[in-house]
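Take a look at the structure below.
The values are calculated or read from the model by the stated rules, or taken from the named source; none is laboratory data. Just so you know, these numbers come straight off a predicted model, no measurement behind them. Methodologically, a virtual Cβ is constructed for each residue, glycine included, from the backbone with ideal geometry; neighbour enumeration extends over all protein chains shown. Heavy atoms of the whole protein, side chains included, go into the accessibility calculation; ligands, DNA and RNA do not. Shrake-Rupley method; radii C 1.70, N 1.55, O 1.52, S 1.80 Å.
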Amino acid sequence: MVTTTQAPHQSRRPASTPRSTWLGSTAVMAVLVLSAVYFLLPMVWVLISATKSPGDLFSTFGLWFSDSPQLGANLSRLLGQDGGAFLRWLGNSLVYSGIGALVAMVMSGACGYALAIYRFRGKELLFAAILGGVLMPATVIALPLYFLLNTVGLTGTYWSVLLPSMVSPFGVYLGRIYATSAVPDEVVEAARLDGAGEVRIFLTIASRMMTPALVTIFLFQFVAIWNNYLLPLVMLNDTRTFPVTLGLTLWNSQIQRDPNFYTLVVTGSAVSALFLVAVMISLQRFWRAGLTAGATKG
């Protein structure tokens, strides 16, 4: 007697057809291309416009060079205008962004590490309050910050912009997420058994494991401070302490009096944007690593 056995039923996910895969890839690529055009088009315009004279700026096509480019003359006027005010504003922006982002990186990394490693009462409530700071609009806290710093006599000084820039609630959030996934409890316990103190563990061990997250925090905070307009506008009243954003706005307000300020503002914007692009490219590999780890590890 011959018996036949029936193979067990196996459920299989229907394989996607080549046509549906091609359509999905094409749709994703189209969205990416449109997004790239949307974000890059203003950058391309400002870089091309920085090479034009005031007359060519309005009489030629915005996305192509004029017949007589004068980038060198525009840069020379930019650097010499008002006794070299642009270089002073650029230096102020570098001070505000560099120092503020560096301190914010250290503080956010340390706070995120503490929230990830240590166990204490009220930790989740504290973390929820920090997340509330991420959602707080800058316009809401600008006036209270002014009154607070004015009480101690810091308005109008570099500290009035630096101190608020040293705090990054988003950096604390990112630091905790990354420390939870990148710093094993076993490593911390082994370091404690070897006699290392808590500060030494963070500075010599945990900070190295958290390098991608720390660089990402630095980059985000650097760009946020560099592009910040509201805080310097509220705090500063001396043009010598202005960042580049506020300085270019000051020049932009003088366009009605002198149309030549058009090229000064456009060229200054191009130089400022190129500086940020250079910073982002130099830190790109750390930045991408930090975002990937924060998105894939819980």
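Observations on the structure shown:
- Only protein heavy atoms count here; under a 1.4 Å probe, D185 has an accessible surface of about 80 Å².
- Over the chain: helical MRE at 222 nm, DSSP H runs n ≥ 4 each giving -39500 (n - 2.57), nearest 500: -22500 deg cm²/dmol
- Gain upon complete extension [Q70, I99; 0.36 nm per residue less C-alpha separation]: 6.9 nm
- Label-point gap, in nm, between M280 and F61 - each point 7 angstrom along Cα→Cβ: 2.6 nm
- Rounded tilt (10° steps) of 123-135 against the dominant C-alpha axis of the chain: 40 degrees
- Portion, in percent, of the accessible area of the chain that falls on carbon or sulfur, probe 1.4 Å: 67 percent
- Summing charges over neighbours of A129, with a neighbour being any other residue whose Cβ is under 14 Å away from its Cβ, gives +1 when K and R count +1 and D and E count -1.
- Gyration tensor (alpha-carbon) shape descriptor, segment 50-179, a/c threshold 1.5: prolate
- Selection from L47, W251, G175 lying farthest towards where the dipole of the chain points positive, charges on Cβ: G175
- Surface accessible to a 1.4 Å probe, per residue, for the residues of the chain, Å²: 60 Å²
- With θ taken as phi - 60° and the Karplus curve 6.51 cos²θ - 1.76 cosθ + 1.60 applied, the whole-hertz 3J(HN,Hα) list for segment 138-149 is 5, 5, 6, 9, 5, 5, x, 4, 4, 5, 5, 6 Hz, x standing for glycine and proline.
- Model label points for V33 and M136, set 7 angstrom from Cα along the Cα-to-Cβ axis, are 4.5 nm apart.
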